[in-house]
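The values are calculated or read from the model by the stated rules, or taken from the named source; none is laboratory data. None of the values given here were measured: they were computed from a predicted structure. Cβ atoms come from the backbone with ideal geometry, glycine included; neighbour counts cover every protein chain shown. Heavy atoms of the whole protein, side chains included, go into the accessibility calculation; ligands, DNA and RNA do not. Shrake-Rupley method; radii C 1.70, N 1.55, O 1.52, S 1.80 Å.
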Amino acid sequence: RTSQSGIAVITLGLGDGPNTTTRSFEVRVNPVNDRPQISSIDDVSVGRNQVGAPVPFVIGDVDNVVSQLQLTPSTDNSILLPPENIRFFGDGNNRTLVFKPAPNQVGVANVRITVTDPGGATAFEEFKVTVTGASGGPQIVRQPEDAFLIEGETLSLSVGATGTAPLKYQWRYEGVAI
């Protein structure tokens, strides 16, 4: 059987007809902490400045009561989708997450939901959240990087933007158009 542990006493009997003898011994199977489980989560998309639709998923653990499992969100793009903007709801095996991207942001974030049991065993599921500019005006999707120059050097800047053409750009330094 799987996921079984404990001590079993095994007895061996040996006989040659009129004579028999027996010997017993113990078999000890030490328990292991099996990893919890989490179902797959499909990639999702949401418009800028909107709350994502509820995302259902299922968790479980053969060793522990489900209420003892801890869920932790993480993301590779905390500017777009801070982990604290991912919330979990539900009890038992059936759970739901709801997320809210940061205001006025568009882009993609890879999200990881980690489930941890009381013994420290973990499992995770990853999915992609795409935030589109569909709910508003133009958006800067790639801004210039910080630059360090020596006096007299030339600086070239570029920007990536989405929106309805034609887009108009205006660079400013300390609030003054340049």
Of Pro54, Thr21, Ser39, which is farthest towards the positive pole of the stretch 1-78's charge dipole, taken about the Cα centre with +1 and -1 on the beta-carbons of Lys, Arg and Asp, Glu respectively?
Thr21
Expressed in square angstrom to the nearest 10, the accessible area of Phe25 with a 1.4 Å probe stands at 110 Å²
Over the chain, consider all pairs of different Cα atoms and compute the Kirkwood hydrodynamic radius from their mean reciprocal separation; express it in Å, one decimal.
21.5 Å
The correct ranking of Thr11, Thr75 by accessible area at 1.4 Å, largest first, is Thr11, Thr75
Share of accessible surface on carbon and sulfur in the stretch 24-92, whole %, 1.4 Å probe and ligands ignored, is 51 percent
The chain: relative contact order in percent, alpha carbon pairs under 8 Å with at least 6 residues between
20 percent
Peptide ranges 76-84, 104-112 listed from the most packed, as the mean C-beta count within 10 angstrom indicates:
104-112, 76-84
Under a Cβ-only charge scheme (Lys and Arg +1, Asp and Glu -1), can you give me the dipole magnitude of the chain about the Cα centre, in debye to the nearest 20?
440 debye
With charges only on Cβ, +1 for K and R and -1 for D and E, what is the dipole size of the stretch 17-78 about its Cα centre, in debye, rounded to 20?
220 debye
Accessible area, probe 1.4 Å, largest first, for residues Thr132, Thr114
Thr132, Thr114
Can you give the accessible area per residue of the stretch 1-80, in Å², using a 1.4 Å probe?
72 Å²
Calculate how many DSSP beta bridges within the chain are antiparallel, expressed in % of all such bridges and rounded to the nearest 5.
90 percent
